[in-house]
């Protein structure tokens, strides 16, 4: 099985996921449930590392699109 993903796609996905989780943390803080930022930041770095490891394990990065032959 090959993972067909670009580095930019992975980074954008991680950024969107990170913003969503941070906003959930902000909403919880607004309602009175305070969560520390350090575990959140550690979790984001762990998620990024696991994602990069998974892509590398499953075949690496897509470097050139297939089927795009010049006319």
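Can you confirm whether residue 11 is part of a helix (DSSP H, G or I) and either in contact with a strand residue (DSSP E or B) (Cβ under 8 Å, 6 or more places away or on another chain) or at pLDDT 85 or above (or both)? So residue 11 does not fit the description; no. Residues in segment 28-37 that are out of contact with any helix residue (DSSP H, G or I) (no Cβ under 9 Å at 6 or more places or on another chain) and surrounded by 10 or more Cβ atoms within 10 Å (Cβ to Cβ): 28, 29.
Do the conditions hold for residue 22, that is, is it modelled with pLDDT under 80, surrounded by 11 or more Cβ atoms within 10 Å (Cβ to Cβ) and over 16 Å from residue 7 (Cβ atoms)? So residue 22 does not fit the description; no.
Kindly indicate whether residue 70 is assigned to a helix (DSSP H, G or I), over 14 Å from the mean Cα position of the chain (by Cα) and either modelled with pLDDT under 75 or exposed (fewer than 12 other Cβ atoms within 10 Å of the Cβ) (or both).
Working: assigned to a helix (DSSP H, G or I): no; over 14 Å from the mean Cα position of the chain (by Cα): yes; either modelled with pLDDT under 75 or exposed (fewer than 12 other Cβ atoms within 10 Å of the Cβ) (or both): yes.
So residue 70 fails the test.
The values are calculated or read from the model by the stated rules, or taken from the named source; none is laboratory data. These numbers come from a predicted model, not from an experiment. Heads up, the Cβs are rebuilt from the backbone with ideal geometry, glycines too, and the neighbour counts pull from every protein chain shown.
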